[in-house]
Amino acid sequence: MFSKFIMGSSLQSKSFKFILISIISALALVACGGGGGGTSGTTSTPVATPTDDVPNQFTLTDQTGVARNASITSAAITIAGIDKASAISVSGAGATYSIAGGAYTASSGTVTNGQAVTVRHTSSQLPSTAVNTTLTIGTISDTFTSTTAAQVAGLEVSKEIDPVQLQ
């Protein structure tokens, strides 16, 4: 009778083998810590998705007494407080910016945490006159102002040299 049970139909034999293999596989997974939801005694911290593209407030240092009609570059600021790329743009006549010493551009772009940024514009042709460039990163903005030197009363300084005076 026992041999008849073991040697029964082919379908019963296949079912028994399947059940036996399933049980052994399940036991092996549990013993090895597998099966997807088990823990190995340590906890894992989920990786945070970067979400902050608004930098800390920054301040561009204004310059006074600059030469007239000259290219004026701000001191560098270092972007801080963001964990993903943030939009960057400039506005103002002839305004450009540079990221990490790269080429100056007036086109919008992106900047990341820790990068240094400078802005540049051409100063006024007139004495005691300010030129403004506004830098915007994320939703934070500041204005860089350069103001030309005052004209000395009765003295007009020229960049040109008169060859006749050199003789």
Spelling it out for Ser124: with amide H atoms placed in the peptide plane at 1.01 Å from N, the residues 5 or more places away or on another chain with amide H under 5 Å from its amide H are Asn69, Val131, Thr148
So Ala87 and Ala116, fully extended at 0.36 nm per residue minus their Cα-Cα distance, gain in nm 9.0 nm
Show the residues, 5+ positions off or on another chain, whose built amide H is closer than 5 Å to the amide H of Asp142. Leu135
Scalar couplings 3J(HN,Hα) for region 58-70 by Karplus 6.51 cos²θ - 1.76 cosθ + 1.60 (θ = phi - 60°), nearest whole Hz, x for Gly and Pro, are 10, 10, 8, 7, 5, 10, 10, x, 7, 5, 7, 6, 10
In whole angstrom, the spacing between the Cα centers of region 129-151 and region 93-128 equals 11
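Laboratory data are not the source of any read-out in this text; all were calculated from the coordinates shown. A quick note: this is a predicted structure, and the numbers were derived from the prediction, not measured.
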